[in-house]
Amino acid sequence: MTTADSSPAGRPQSDMFDYLLRLGDDRLVLGHRLSEWCGHAPILEEDIALANIALDLVGQANLLLTHAAQKEDAGRDADALAYLRDGIDFKNSLLVELPKGDFAWTIARQFLFSVYAMLQAEALQRAADKELAGIAAKMHKESRYHVRHSGEWMLKLGDGTDESHARLQEAVNDLWRYTGELFLSDDVEQRLVGQRLAVDSSSLEPRWREQVNDVFNRARIATPEVKWMQRGGRGGRHTEYLGHMLAEMQILQRQHPGASW
C-alpha cells in the first residue's frame, strides 16, 4: 500500500515531528489499552506479563515523544504531548485504540502489532538520526519478546479448546480490517525515507504477512479475506474510542495543569 492520509489542514508540522508522533502515539495508546488488564488477566503470571509489556510500550512512547518535542522545539515535553493534545492531534493507527475486548482479542491485536513493530524497529536501527536509531534498538529488543509472548498465546488459544479457538478466530476476523493502515506510506514518510530518517511502511508488509501467516497456520487460524481496510488514524480521524480513552488518561493533567510529583 502506498497512500495514506496527511496531517489535517492548518496544522503545519515538520515531517520528522509528525513521524515521531506516529511512532510514539502507537505505543502510548496501546500501552494504555494493555494497562486496562492490570488485575484482570486470566492468571497471575499473565497479569504481570501484560503489565510489563504495557510498561515497555509506554517507555518507548516516552522516548519517542521526548525526541518529537525536541524536534518541534516549541517548549513542549513528552508529558505535554501525551496529556495536552486533543484526539485529532494523535497520529496512532486505529488498530491500537480499539477497546481491549476479551483476552483472545487482546492477544490477537498484540501479536499483529508486535510483529509490525519488531520489523519497523529493526529497520529504524539504520536511521540516519542517531537518537531514533538508538531508540529503535531498544524497541527491537523489547518487541522481539512481545512477539514471542503473544505468539505463544496465539498457539495456545488457536490449538486449544473449541471455545478458545473460536474466540481467537473471531478476534482475528474483527481486527484484520485495521491492519492495512499499518502499511500505508504517504508523502511525509517518503520524504523521510529519502533522507534515511524513516522506513517505508509498505516495504514491511510482505515479511509481516509471512510471519503472521506462519503462526496462523500453526494455530489453525484462517486468514480473513477483507477487501476494504479501515484508515484515518494517521491523519487524526479516529474512532470514538480514542476520545473516551484520552478523557480517562488525561484527566489529572487537564484538571491540574502543570501538576508534578
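Which one is surrounded by the fewest Cβ atoms within 10 Å (Cβ to Cβ) among residues in the range 44-76 that are free of Cβ contacts under 8 Å to residues at least 60 places away in the same chain and β-branched (Val, Ile, Thr)? That would be ILE48. Being part of a helix (DSSP H, G or I), at pLDDT 95 or above and either at positive phi or aliphatic (A, V, I, L, M) (or both) holds for only one residue in LEU175, LEU197, and it is LEU175. One residue stands out among those in the range 174-196 that are acidic (Asp, Glu) and surrounded by fewer than 17 Cβ atoms within 10 Å (Cβ to Cβ): the one that is farthest from LYS71 (Cα to Cα), which is ASP174. Here ALA166 meets the list (1) open to solvent by less than 60 Å² (accessible area, probe 1.4 Å); (2) touching a residue at least 12 places away in the same chain (Cβ under 8 Å) almost entirely, failing just condition (2). Scanning the range 16-47 for residues that are over 23 Å from MET245 (Cβ atoms) and at pLDDT 95 or above yields one hit, MET16. Number of residues in the range 226-247 that are under 17 Å from ASP89 (Cβ atoms) and open to solvent by less than 50 Å² (accessible area, probe 1.4 Å): the value is 11. Among the criteria (1) open to solvent by 70 Å² or more (accessible area, probe 1.4 Å); (2) outside any helix (DSSP H, G or I), the one THR223 does not fulfil is (1).
Scanning the range 83-94 for residues that are touching a Gly at 6+ places or on another chain (Cβ under 8 Å), outside any loop (DSSP other than H, G, I, E, B) and of a type outside the set (Val, Ile, Thr) yields GLY87, ASP89, LEU94. Six or more apart or on different chains, Cβ under 6 Å: which pairs go from a residue in the range 77-93 that's over 11 Å from LEU28 (Cα atoms) and open to solvent by 30 Å² or more (accessible area, probe 1.4 Å) to one that's of a type in the set (A, V, I, L, M) and not in a loop (DSSP other than H, G, I, E, B)? Could you list them? Final answer for the pair search is ASP77/ALA69. Number of residues in the range 95-110 that are under 11 Å from the mean Cα position of the chain (by Cα) and surrounded by 24 or more Cβ atoms within 10 Å (Cβ to Cβ) equals 4. In the set ALA133, ALA137, only one residue is in a helix (DSSP H, G or I), of a type in the set (A, V, I, L, M, F, W, C) and in contact with a Leu (Cβ under 8 Å, 6 or more places away or on another chain); that residue is ALA133. Within the range 112-140, restricting attention to residues that are more than 16 Å from the chain's Cα centre (by Cα) and not small (Gly, Ala, Ser), the residue that is least open to solvent (accessible area, probe 1.4 Å) is LEU132. The residues of the range 28-43 that are open to solvent by 10 Å² or more (accessible area, probe 1.4 Å) and either of a type outside the set (A, V, I, L, M) or within 20 Å of the chain's Cα centre (by Cα) (or both), listed by number, are LEU28, HIS32, ARG33, SER35, GLU36, TRP37, CYS38, GLY39, HIS40, PRO42.
Taken over the range 46-82, the residue count meeting the criterion of being in a helix (DSSP H, G or I) and charged (D, E, K, R) is 6.
The values are calculated or read from the model by the stated rules, or taken from the named source; none is laboratory data. Only a predicted model underlies this, so the values are computations on that prediction, with no experimental measurement involved. Positions of Cβ are backbone-derived with ideal geometry, glycine not excepted, and every protein chain shown enters the neighbour counts. The accessibility values were calculated without ligands, DNA or RNA, using every heavy atom of the protein model including side chains. Shrake-Rupley method; radii C 1.70, N 1.55, O 1.52, S 1.80 Å.
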